[in-house]
Amino acid sequence: MKQLLLDVLAAPAPSLENYVAGPNIEALATLRALAPGRAVYLWGPAGCGRTHLLRALSDRPGAVYLDSHSPVSAYRRTAQPDESDARPALIAIDDLHLLDEPRLACVFSLYNRWRETSATDIALSLIVAGERAPGQLEIREDLRTRLGWDLVFRLEVLSDAEKTDALIRQAASRGLQLAPEVVNWILTHYERDMRQLSALLDALDRYSLAAKRPITLPLLRAMLAEQPQPPSIQSYSSLS
């Protein structure tokens, strides 16, 4: 059972398919159809799915993902590539609000490069994300204005009702029925990220089959009590 939990409790890789859009359906549709030569700035609070979307978009050949942990040299190669550097068709810059001045300078150059090539056969797609609207960011003014050169979307965090609906629909697609008390316990005690919630649902489905027991709150508690390392559980105080 413990190995079963280790195998399935890890959240699946971010994809556009496993992103639960909720009120962000327009942003998701735009990203699905994103063409070379377009730029998108996504902003919203923690938990709205900014990183999920950027990771999903950059998980393909010819794409690059950069954040505050990426070395400055990677930013420089991406913003001003020489003939020996690869020229990615899609560049995703995450957590703009956490970048220092050298990295922000590269993002500024990158926007200039994006605009200069947007109507050429080497046009690229540029997706940048931060926690605030462009006008509220404490960054250099010339970069702030560039964030609004093309599309801007505010991402909203899913409400508990939307997460409940998403979990019930995902369970139904597996032929499962989740009692209200099971869903309420999950949303109270477990990570609110939908990828983690989906991974928990997968684990619960397999655990139920292995144990030959229906999905109930006692079964959920028993499953989580057997998890060797609980990276996603906020508290076990309610397990007893």
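The values are calculated or read from the model by the stated rules, or taken from the named source; none is laboratory data. On a predicted model such as this, the values are computed, not experimentally measured, just so you know. Methodologically, a virtual Cβ is constructed for each residue, glycine included, from the backbone with ideal geometry; neighbour enumeration extends over all protein chains shown. The area values use the complete protein model at the heavy-atom level, side chains included, leaving out ligands, DNA and RNA. Shrake-Rupley method; radii C 1.70, N 1.55, O 1.52, S 1.80 Å.
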In whole Hz and in residue order, list the ³J(HN,Hα) couplings for the stretch 165-173 that follow from phi through the Karplus curve 6.51 cos²θ - 1.76 cosθ + 1.60, θ = phi - 60°; x for Gly and Pro.
4, 5, 5, 5, 5, 5, 5, 4, 5
Which one, Arg38, Arg195, Arg213, has the greatest fluctuation when you compute a Gaussian network model over the chain with C-alpha springs under 10 angstrom?
Arg213
Relative contact order [Cα under 8 Å, 6+ residues apart], the stretch 131-233, whole percent
22 percent
Could you tell me the center-to-center distance, by alpha carbons, between the stretch 49-103 and the stretch 15-31 in angstrom?
21 Å
Estimated Rh, the stretch 26-133: Kirkwood, alpha-carbon pairs, angstrom:
13.9 Å
Within 11 Å, Cβ to Cβ, of Arg174, how many net charges do the neighbouring residues add up to if Lys/Arg are +1 and Asp/Glu are -1?
0
Per residue and in Å³, how big is the convex hull formed by the alpha-carbon atoms of the stretch 97-211?
182 Å³
Judged on accessible area alone, 1.4 Å probe, highest first, Lys212, Lys163 line up as Lys212, Lys163
Work out Dmax and Rg for the chain from the C-alpha atoms and quote the Rg first, both in angstrom.
20.8, 63
Could you work out which residue, out of Asp193, Asp67, Asp165, moves most in a Gaussian network model of the chain, that is, has the largest mean-square fluctuation with Cα springs under 10 Å?
Asp165
With a cut-off of 8 Å between alpha carbons and a minimum separation of six or more residues, what is the relative contact order of the chain in percent?
28 percent
10 Å Cβ shell holding at most 13 others, DSSP loop, GluC sites (Glu not before Pro): longest site-free stretch of the chain:
139-225
Take the chain, connect every pair of alpha-carbon atoms lying under 10 Å apart with a spring to form a Gaussian network, then pick out the residue of Leu147, Leu219, Leu42 with the largest mean-square fluctuation.
Leu219
Estimated 222 nm signal from helices in the chain, with DSSP H stretches of n ≥ 4 weighted -39500 (n - 2.57), rounded to 500
-13000 deg cm²/dmol
Quick one: accessible surface of Thr188, probe radius 1.4 Å, all protein chains present, in square angstrom to the nearest 10.
90 Å²
